[in-house]
Amino acid sequence: MTRASGLVRSVTNMRMVFLGPPGVGKGTQSQRLTTHLDIVPISTGEMLRESLRHRTPLGLKAEHYMSTGQLVPDELMVELVADRLSADDCRRGYMLDGFPRTVVQAQALDQMLTERGTPLDAVIELTADTEELVRRLSGRGREDDKPEIVRRRLQEYLRQTAPLTEYYRHSGIYHAVNGMGTIDEVFGRIRAIVDP
Ligand code: AMP
């Protein structure tokens, strides 16, 4: 990583993965961080929704899984991400949000990045106390935000990502960041990791 002193934005070309449960404030932090580092935000959920809007073959294949809340098959996701990361803009660095979701995807990502000689620089996981997340998400008043349903969504997230956390934990680039506190406090913790 290099950083020209005196610049407001750091010049890092960082390649990152961002993990975190629903309600932890990942969207907000992701926006601030990609702006701060001047890297490309890549949300696979957003890419799929865009494909669906344009009725592309990929969008049509993914539609059924998305509408029933299931994961889109790894093969499709890996191809989508491999294509996206080949684009020129990704040379300035990127942050993956929503990918990988499975260990198979994580392994495929590692493999493609190793082949390209551009390994990941950081995996950041925002963490929060489950009860606090339940309180936050339940406060929105939506039917699917009832505490017991929120709790189930969180359990589902943990079930899915626990193996992923385990996969990255020993990689030397994994950082768990406490997601509790104000937006500025949490962003400060993330900066302490990504800023040289
Ligand atoms: P998200 O906006 O990240 O919650 O993604 C919305 C939906 O897109 C998910 O419920 C999945 O159906 C699909 N999706 C997004 N990213 C992935 C991924 N990495 N693997 C499998 N399915 C995904």
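The values are calculated or read from the model by the stated rules, or taken from the named source; none is laboratory data. Since we're looking at a predicted model, the values are computed, not measured. Cβ atoms come from the backbone with ideal geometry, glycine included; neighbour counts cover every protein chain shown. These accessible areas exclude ligands, DNA and RNA; they are computed on the full protein's heavy atoms, side chains included. Shrake-Rupley method; radii C 1.70, N 1.55, O 1.52, S 1.80 Å.
Here are some notes:
- If you go through the stretch 24-42 and keep only what is closer than 20 Å to Ala87 by Cα, in contact (Cβ under 8 Å) with a residue 40 or more places away in the chain and open to solvent by 50 Å² or more (accessible area, probe 1.4 Å), you end up with Asp38, Pro41.
- Set Leu80, Leu71, Leu113: member being part of a loop (DSSP other than H, G, I, E, B) and either surrounded by 15 or more Cβ atoms within 10 Å (Cβ to Cβ) or more than 14 Å from the chain's Cα centre (by Cα) (or both): Leu71
- A count restricted to the stretch 7-19 and to residues that are at pLDDT below 90 and open to solvent by less than 50 Å² (accessible area, probe 1.4 Å) stands at 2.
- Among residues of the stretch 83-110, those that are part of a loop (DSSP other than H, G, I, E, B), surrounded by 12 or more Cβ atoms within 10 Å (Cβ to Cβ) and away from the ligand (no atom under 16 Å from the Cβ), counted: 1
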